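Have a look at the structure below, then the notes.
The values are calculated or read from the model by the stated rules, or taken from the named source; none is laboratory data. None of these values were measured; they are calculated from a predicted model. So basically every Cβ, Gly included, is an ideal-geometry build from the backbone, and we count neighbours across all protein chains shown.
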C-alpha cells in the first residue's frame, strides 16, 4: 500500500472498513477482513507505515487519527468475532437468500386516466401544428351560446342542458357552467389574428342525472383551425389521422352528417365498434357497446359556420375553418372497456391505479 | 319520432327499397333505428290479393277465397266477414309459423281440410300475426302494397325510430322523412291530396280573424266547416295514429293530429259556436289573464305570451295548446280550423315559462315556414270532408301580414369546391337539389340560383346548400388531405405548462392524481378554510337542493348538495380520502390540480389554479422490508421540497395558523417572500367530520397563480464538478427546543467553506436537559482552490460551534 495518509483517506478507509465488517458474519470472513485491514500487510498498517511521507506540520495529527481509527476497528473486530462465535455454527458460509421474497415496494404515482387521454390527444394534435390553450370553466352565456350561433330561445339550446349560476344579467348575458369547450372558439378568434390552429382541453358541465353513460361533470377537447383555403377535406384528413393515432391503423372511420349550430356542414365521426367488428367477440345484433349499429360515435365536427367567424371578427369571405370536439372519458371507456363513466370522478383508488 | 314504415310507404314509389334505410338516413343526418314490433318470424307470410270469393259448398258461413301471391294462386277457406275482392291481405302459406295464443309458441301451419275442402294456407287476422287483439276479421293491408312482398317488410308494425336534429322540423313529419328517402334514391315523393269542394258560404261571413300582434304571428289561416258529426275515426286513421304512438280521440281531433304527423304543421280545431261572436283575435295576453287549457290546467298568463282570443277571453295558447272551453266535443257541428305560423322564440319562451311541452310547441319552436300553414290547412280540410262529409265554406281566411318573399341563394361550383375540397358539376348539383324538392335555376355554367322549398326553414345561406350536396352524395366522397398551410404562430401557455410540470413532479413522487367535482356544499367549504369576505357562487338551478330545514350532524352529510362553486379544493380531497379509507385503502397519497372560483362583482369568477396534495395511512405498502409507519407532516414537506427544487425555487417554511390544520403542525410555504401555499396536519375534528377516523391526514396546498410569476424568473446554470475532495465532519448539538433546525442549518451554512449540511438525527431523552433535544449534522466542507487541511476544517468547525453557542446556546454533544 503506497497510499500517503491524509485526513480524508483515513476517514474513507474507516467508513469502508466498518461497512465491510458489518457484512461479514462468520469467523472465517472476519479473519479475512482482519488480514485485509489490520494485518501486517493490511491497509491501515500500510497507511501507518507511510506516515513518514506526510507533511511534517500535519503528521502528528494524522498519526493520532490513524491510531485512533486502528483502535476503533480493533474494538469493532473483537465485538464482531465474539458475536460470530455465539451464533449458530450450522449456518453455511453464504447467507441464505430466498429470491422469491417480494421486492422492496415502490409506490409509483399516476395521472388520472382523463388527464392521460387529454395529454395523448393534445400530443397528437400538437404534432399536426395545433397549439394548446385553456379557457374559463365558468362562462358567459354569450360565449357558450350566442357567439356560437345559438341565440336565446333557440331549440338547439336543448342540446345542452345547462347549470346556471345565480347572477344578474350583464352585457354578455347570465353566468353559467360551460356546457362544452366550444366557447373557446369564439374567445380564441376574438383574441388572435387568423390563421389559428388550437386545441382546448377542459372541464364541462351539464344539467343531467348521472348513469352509466352520463355524468354532469366531464371533459372535452375542442379543436379549431381557421385559415385561408381550409376545406372539409382538410378536416377529414386531420381527424382521420388523429383517429388512427389514438385507435390504431386498422380502425375504420366513418363521417356522417350531423347538426351543431356552429358548424355547416356538420359531422359526426365514428369508428367501427371494436366489441363486435370482425375482430371482436360479440355478435353485432347483441352488441351493447355500439347499440347494434356497428359504429361508435367519438367526435362532433364540421366547417365553422360563417356567422361564427363573422361574429368573432373574421371575414368569412376570406377565411374558412373547421372545428371539432371529443370526450376523453369516452375514449378511455372504449380503449379500456370501462363500463361506467361514474368511476372517473368518484376517485376510487382501486379504479385509478389500473391506468 | 316514430315513423311507421307502412305509413311512410304511402308517399314513396313502390320500387324504392327500404333495405338498410335506417343506416342511410343516419348517414344523411337523421339518426334512425328500425324497430320491429311483432311476435314471431312471419316467415312465409306474404302479401296476397284477393281475386275471387265463392261460397263454401258445405258451410254457409265460410267462403272459398282465391288469393294471388304474385307467382302463385292459392285457394283457402276463410270465415272472416270482412273479406272483399281486390283486398290486399296477409297470406300464410302452409308451413308458415304462426303464434298460438294459448301456448304462446310458434306453430307451423298445417295443410287442412275444412269441411271437405282443402285449404292451401290462411288469411291472417291481427291476432294470428301477434300484432293486435282483433280476431273479428282479417287484417286488410293498404291497396298499394305489391303482392308477393314479405309481410315483415311492409307492415306498419315496423317503426323507424328517429331522432331529428333541432334544425329540421320537417323531419318531425312522415312526409319529411319520405322526402329524405326519395332524395337518397334520386326521386321525389307522391304528394298527398289537397283537394276539396267548397260551399257557397263565404268563410269571412262565418268568422272574423284579426292578428293584433303580427310580430308574434306571421300568418293565420282559418277555415269553417259545418255539418260535422263527431264520431270515432275510421280504422285506417286510428291505426295510423296508434302506430305512431298517438291515442285516437275523435274524427276531428284525429285528423288534426294526423295532418301534424304527416306534414309537420300543427293545427287546432275550435268549436265555432263557443267563440264569442265568431271573432278571433291573435294578441298578447293581458297580465295575469287566465286560460284553462285542454289538459284542464289553469294557466296564468303574462303579456309577453301570445293567445288566440275571442272578443272576451283567450280561447287558446298560441302554438302550444287550445283552451278547454272551445274544444271540440261530441255535440260540435261547426268548427273553426286553425293552421298558423308563430314566432318560434316566443313559443319556446312561453312554454318554458309555463313548463309545458306539446307536440305543437315542439314543432313551432323549431321554426316552421309560413308556407306550410296553408298546405296543412288544405290537407286537413281534404280529410275532414272525406271522412265527415262536412261542408267547407269557400275562400279560406288567410291573414298574412308580413309576407316575406323567400330569398334566393346563389351557389357556384367554385364555392362548393372551396368548402368541400372536392368538385361537383352543375348537373350533379341540380340533380341533388331537384330530388330534395329544392328549385334551382341555372344562371350560368357555374352558377345556380336556389329557392328553398316551403317545408325547409333551415336553408338560409350557401353553406346550408353545400351541406345538402355533401350529405345526399355521402360524406365518403370527400377526399382526405393534410393541411398544407404553414403552421400558425404559437402562444405560450405558462400557467398550463406549470400545471403539467407540477402534475409530473407529484406523480414522480408517488402520488395518484384525482379529479373531483367543482361543486360542493357551502357548509363544507366554510368548514375547512379561514373565513374570508367572499360568498361562494351559487347555482341557480342545482341538481340537488338542500331543504331549508336541513340539519346535519357531520359535515359529510351536506356533501350530496352540490350547490356552490368551490372556493377551495380541500373539501374534494377530504371527501376522496374518506371514500378510499372506507374501502380499506391504506397508503393514500393523492393530488389534484384544479381551479377554485373566487367571485367577483357582476363578473365571471376568478379561476385560480391550485395543486392540492393529501396523505393518509402508512407510508409504505405492507411488506417484509419496511416498518409500517403512518405518514406525517414531513412526508408532505419532502415532496414539496423536491417539487420546488425541480422548479429551481427555494422555499422556506414558517409557522402559520389555518383553520384546517393543527396549530403546531402547520406551515406556510414561502418563496422569495411570497406565501405560495400551506402544508399541515388536518385537525382530527375536521377529518372526523368527513368520516376519516383512522390515521392523520396531511394536506398541502400550492397556489399556482402565486407561484407562476416566480417560476418565470428562474434560470439554471451548470455548476462545475468539484476539483478537490469534499470533507465532512459529523457533530451532534444539544439545543433548546425553541431553536428551530433551520436556524442552526442556516447558521452553519453561513460559513464560507461549508457547501452542504445534512441533518441526520434527532434525539430526545432523559440524558438531555429538559426542554432540549440533540440534533446531529453532517457538515460538508469544500474550497475550490485547494484540498482543505484538517486544521482548516477543525478551525471551521470550532468557529461554527462558537457561533452556534453564542447565538443559539447550542452545545456540542459528541464528535466522531
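Worth a mention:
- In the set (1) within 14 Å of another protein chain (Cβ to nearest Cβ); (2) buried (at least 20 other Cβ atoms within 10 Å of the Cβ); (3) touching a helix residue (DSSP H, G or I) at 6+ places or on another chain (Cβ under 6 Å), the condition left unmet by residue A:345 is number (3).
- In this structure, residue B:373 does not qualify as closer than 30 Å to residue B:235 by Cβ, within 14 Å of chain A (Cβ to nearest Cβ) and touching a strand residue (DSSP E or B) at 6+ places or on another chain (Cβ under 8 Å).
- Options B:83, B:65: the member that is more than 14 Å from every other protein chain (Cβ to nearest Cβ) and either without any contact (Cβ under 8 Å) to a residue 40 or more places away in the chain or surrounded by 20 or more Cβ atoms within 10 Å (Cβ to Cβ) (or both): B:65
- For the range B:541-571, the set of residues classified as free of Cβ contacts under 8 Å to residues at least 12 places away in the same chain and either assigned to a loop (DSSP other than H, G, I, E, B) or farther than 22 Å from residue A:209 by Cα (or both) consists of B:541, B:547, B:548, B:549, B:550, B:551, B:553, listed by residue number.
- The single residue among A:118, A:150 that is crowded, with 17+ Cβ neighbours inside 10 Å, in contact with a strand residue (DSSP E or B) (Cβ under 6 Å, 6 or more places away or on another chain) and more than 9 Å from every other protein chain (Cβ to nearest Cβ) turns out to be A:118.
- Tally, over the range B:675-700, of residues that are within 39 Å of the chain's Cα centre (by Cα), closer than 17 Å to residue B:588 by Cβ and either modelled with pLDDT under 95 or not in a strand (DSSP E or B) (or both): 6
- Residue that is closer than 30 Å to residue B:240 by Cα, more than 14 Å from chain A (Cβ to nearest Cβ) and modelled with pLDDT under 95, where the choices are B:403, B:394: B:394
- Checking every residue in the range B:158-177 against the condition of being over 36 Å from the mean Cα position of the chain (by Cα), buried (at least 19 other Cβ atoms within 10 Å of the Cβ) and touching a residue at least 40 places away in the same chain (Cβ under 8 Å) gives zero matches.
- Annotation note: of B:448, B:465, the sole residue that is touching a helix residue (DSSP H, G or I) at 6+ places or on another chain (Cβ under 8 Å) and either closer than 15 Å to residue B:183 by Cβ or surrounded by fewer than 16 Cβ atoms within 10 Å (Cβ to Cβ) (or both) is B:465.
- Selection count, the range B:462-495, where residues are farther than 30 Å from residue B:433 by Cβ, more than 7 Å from every other protein chain (Cβ to nearest Cβ) and in a loop (DSSP other than H, G, I, E, B): 4
- Subset tally (residues that are more than 18 Å from residue A:217 (Cβ to Cβ) and within 12 Å of chain A (Cβ to nearest Cβ)) for the range B:511-537: 3
- Counting only strands (runs of 3 or more DSSP E) that sit completely within the range B:244-331, those holding 3 or more residues that are surrounded by fewer than 24 Cβ atoms within 10 Å (Cβ to Cβ) correspond to B:279-284, B:298-300.
- Some residue of the range A:252-272 being in contact with a helix residue (DSSP H, G or I) (Cβ under 6 Å, 6 or more places away or on another chain), modelled with pLDDT of 90 or more, within 14 Å of chain B (Cβ to nearest Cβ) and part of a loop (DSSP other than H, G, I, E, B): yes
- When residue A:143 is tested against (1) within 30 Å of residue A:289 (Cβ to Cβ); (2) within 11 Å of chain B (Cβ to nearest Cβ); (3) in contact with a helix residue (DSSP H, G or I) (Cβ under 9 Å, 6 or more places away or on another chain); (4) crowded, with 23+ Cβ neighbours inside 10 Å, just one condition goes unmet, and that condition is (1).
- Pick from the range B:565-587, criterion farther than 25 Å from residue B:544 by Cα and more than 7 Å from every other protein chain (Cβ to nearest Cβ), ranking: farthest from the chain's Cα centre (by Cα): B:586
- Odd one out for residue B:421 among (1) surrounded by fewer than 20 Cβ atoms within 10 Å (Cβ to Cβ); (2) on the phi > 0 side of the Ramachandran plot: (1)
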